[in-house]
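The values are calculated or read from the model by the stated rules, or taken from the named source; none is laboratory data. From a predicted model like this one, the values you see are computed outputs, not experimental measurements. Cβ: placed from backbone, ideal geometry, glycine included. Neighbour counts: every protein chain shown.
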Amino acid sequence: MSNHIVENLRKEIEDFSSQIKAEKVGHVLEVFDGIAKVSGLSDIKSSEMVTFPHGETGVALNLEEDTVGVIILDDFTKIQEGDEVKATGKILEIPISDNIIGRVVNALGVPIDGKGVIKSDKTYPIEKVAPGVVTRLSVSEPVATGIKVIDAIIPIGRGQRELIIGDRQTGKTAIAIDTILNQKGQNLICIYVSIGQKDSKLRKLQTRLEEGGAMAYTVIVSAGASLPAPLLYIAPYTGVAIAEYFMDQGKDVLIIYDDLSKHAVAYREISLLLRRPPGREAFPGDVFYLHSRLLERACRRNKEYGGGSITALPIIETQAGDVTAYIPTNVISITDGQIFLETDLFYKGIRPAVNVGLSVSRVGSSAQIKAMKKVAGTLKLDLAQYRELEAFAQFGSDLDDATKKQLERGKRAVEILKQPQYAPVKIENQVVTLYALTKGYMDDIPVEKIKEFEESLVGYAEQHAKKFYKEISETKIWTDAGEAELKKTIENFKSSFKPL
Amino acid sequence: MAIKKTVTNNDIARAIYLYTKDKTGTHLKESLQNVIKFLVRQRLLSKSKEILELLNKIINKEEGIVSAKVSSVEKLNSKTSEGLIHFLKKRYEAKDVVFEEKLDSGLLGGLRVEVNDEVMDLTMKNKIGQLQEYLKRI
């Protein structure tokens, strides 16, 4: 056995040929807070990788006349003044392979879940120009989130960028996690990028995904709150590089950036340390470009260019509901719509706390399946009218019948759209429930019995409207025959429904 | 209004070079005194070390001189140094090569040549390091 090892080693050493080349080097002038000022390195490119004596990696960001400002992507405590810094001639890249699925990696693509190394034969650059116009295709296939209010009113399509925005503790991450959990068997690889989150929160999330069997198609990229700002800054780019690797194989990918407010703060820290001039809210001038170049990489490619898509769900945390702050307005304008979550709704018990009036999806409706479009068409309007009338309703009971009816319908719609966490609903069941709601079958059911009615109806319809279910899940279209069957099923069910 | 531009150490070093370039004897002495006066007036004496270093680099570049730092375990024999001079002259298209030799037993063997910010590491230590990296990877 030992002979065998020696033989192998000898062979490997014989195969090894050392490469001799002239290397560009510089010397550390100063080092502080994850940043190093380096002299020399005359021909270095912007975003080029450099290495320090103990193997630490850095990226050249500021190219000045005599010095180079480098962000350090590892522990910087061992780096000293005068240390030699080598240029590598390469733009920062991460190792990648299919084996990364199911793993938790750091911002450099190195596994941190204690399950051993990820064998990889390829590398992908973390910074890349977004695909051009000719390679793209418009959004037309849905991402089923399993959340009724989103699938019905603010649908998301493959290749779309939909912002999830709201104050702290309003259920932003919950929407992202529910969406991942609902992707079982949907041919969608999920990437969750955690930026500046507590490690305990990430651990909880990972356990939840493992329990739900979602890690079989998910990658987690983590840059925790305890890490220096440079790692937080590159984490989303690492995430999208992993996504591009899968998209290049023609696969559909969903990427969640949780959250970009912390990302912008990390970038502000780096910029201020590099002495770049601060602008509004002390963010540097290129903070818009920071996010636009990241989110533009989400796209749907046409068949000639290999197909595949990247759907992005960036998350932004607002302070006291202020969506007019610098970063929220930037990201709102970059994305194709937003899901706006509100604290007031959350505490009223309306969860997910989506504000239907302020939330939009600019391209998603073309990706919605026909059946859902048919049943959810008037829902948004119903809800908007309900919110308006709700204020009047408090003044007294002198309301005409039409208004009363609208109020009752609105109450029931709000009730139907409530949904607990980790309980995604199949698209077919959503269609059945919303059909019953919009066609008025629930108008005479007491509001407090609505949930019970919904659950029983779905169970009954699954048994008795099999043809309709098959049609929706396979062809996704809405036919008159299907509608007739559904109508009959609901009527039959209603006549036998006795609330407990 | 003219745009106020920051004057860097490099600009000053270049100005000194151009000002003193073709001067000799008393002219040169006078000019150098003027340079010192200028540095004192502009409170740049604290930067004199960096300016001098840059001036040295500019002179070397303009005159076609390559200054190389060579580290080795033993003193170079004449054949090696001649070969090295020939190689460096060709690589940097230089007229002259100036050596600064340094002995370092930690290199285990071979040479390490530094020219400006370029390094050619032909030492045993570097090769062993590369082999170590290679074996780690497979």
What do you reckon, is A:ALA264 part of a strand (DSSP E or B) and under 28 Å from A:LEU205 (Cα atoms)? no
Within the stretch B:27-38, is even one residue touching a residue at least 12 places away in the same chain (Cβ under 8 Å), within 23 Å of the chain's Cα centre (by Cα) and surrounded by fewer than 16 Cβ atoms within 10 Å (Cβ to Cβ)? yes
Is it the case, given these coordinates, that B:GLU74 is away from chain A (no Cβ under 14 Å), part of a strand (DSSP E or B), modelled with pLDDT under 90 and closer than 30 Å to A:HIS54 by Cα? no
Of the residues A:SER333, A:SER359, which is under 30 Å from A:GLU448 (Cβ atoms), in contact with a helix residue (DSSP H, G or I) (Cβ under 9 Å, 6 or more places away or on another chain) and of a type outside the set (Lys, Arg)? A:SER359
Would you point out which residue out of A:ILE13, A:ILE72 is more than 38 Å from the chain's Cα centre (by Cα) and surrounded by 11 or more Cβ atoms within 10 Å (Cβ to Cβ)? A:ILE13
Of all residues in the stretch B:107-138 being under 9 Å from B:SER71 (Cα atoms) and among the aliphatic types (A, V, I, L, M), which is farthest from the other protein chains (Cβ to nearest Cβ)? B:LEU107
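For (1) at positive phi; (2) surrounded by 13 or more Cβ atoms within 10 Å (Cβ to Cβ); (3) within 14 Å of another protein chain (Cβ to nearest Cβ); (4) at pLDDT 90 or above, each residue gets a yes or a no:
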site	(1), (2), (3), (4)
B:LYS90	no, no, yes, no
B:GLU93	yes, no, no, no
B:VAL97	no, yes, no, no
B:SER105	no, no, no, no
Residue list for the stretch A:35-79, filter: in contact with a helix residue (DSSP H, G or I) (Cβ under 8 Å, 6 or more places away or on another chain) and part of a loop (DSSP other than H, G, I, E, B): A:GLU65, A:ASP66, A:LEU73
(1) touching a residue at least 24 places away in the same chain (Cβ under 8 Å); (2) within 22 Å of B:GLN132 (Cα to Cα); (3) out of contact with any Ser or Thr (no Cβ under 6 Å at 6 or more places or on another chain); (4) within 11 Å of another protein chain (Cβ to nearest Cβ) all hold for A:LYS78 apart from (4)
If the Cβ limit is 7 Å and pairs must be 6+ apart or interchain, which residue in the stretch A:376-397 that is among the aromatic types (Phe, Trp, Tyr) pairs with which residue that is modelled with pLDDT of 85 or more? A:TYR386/A:GLN406; A:TYR386/A:LEU407; A:TYR386/A:GLY410; A:TYR386/A:ALA413
Return yes when B:LYS47 is touching a residue at least 24 places away in the same chain (Cβ under 8 Å) and assigned to a helix (DSSP H, G or I) and no when it is not. yes
